[in-house]
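Encoded as structure tokens, the structure appears first; notes follow it.
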Amino acid sequence: MEGLAAPEVADYKRWEIEFGLTTGSISQPQAKRPKTGNRPLSEDELRAQLEVHKALMRDHKAPAHAPADTS
């Protein structure tokens, strides 16, 4: 088996360049995510995470659109 024909390889490399991909990036496997520790959180860490969560939820509760002005 000879593999891919030269014109097909050239087309593929042109396609990668056209879309701004690094050469060979599609054929390489994705990097694995780093492992995170699976440990119990301290009370202070839990409080900090809860405050961050509350702030995020407060920001998302803003109205999606302003009511139409009918006057």
*Among residues belonging to the stretch 33-45 that are in a loop (DSSP other than H, G, I, E, B) and modelled with pLDDT of 80 or more, point out the one that is surrounded by the fewest Cβ atoms within 10 Å (Cβ to Cβ).*
Asn38
*asked:* Tell me whether the stretch 24-31 contains one or more residues that are on the phi < 0 side of the Ramachandran plot, modelled with pLDDT of 80 or more and not hydroxyl-bearing (Ser, Thr, Tyr).
replied: no
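The values are calculated or read from the model by the stated rules, or taken from the named source; none is laboratory data. Just so it is clear, the model here is predicted, and its values are computed rather than measured. Cβ sites come from the backbone with ideal geometry, for glycine too, and all protein chains shown count toward neighbours.
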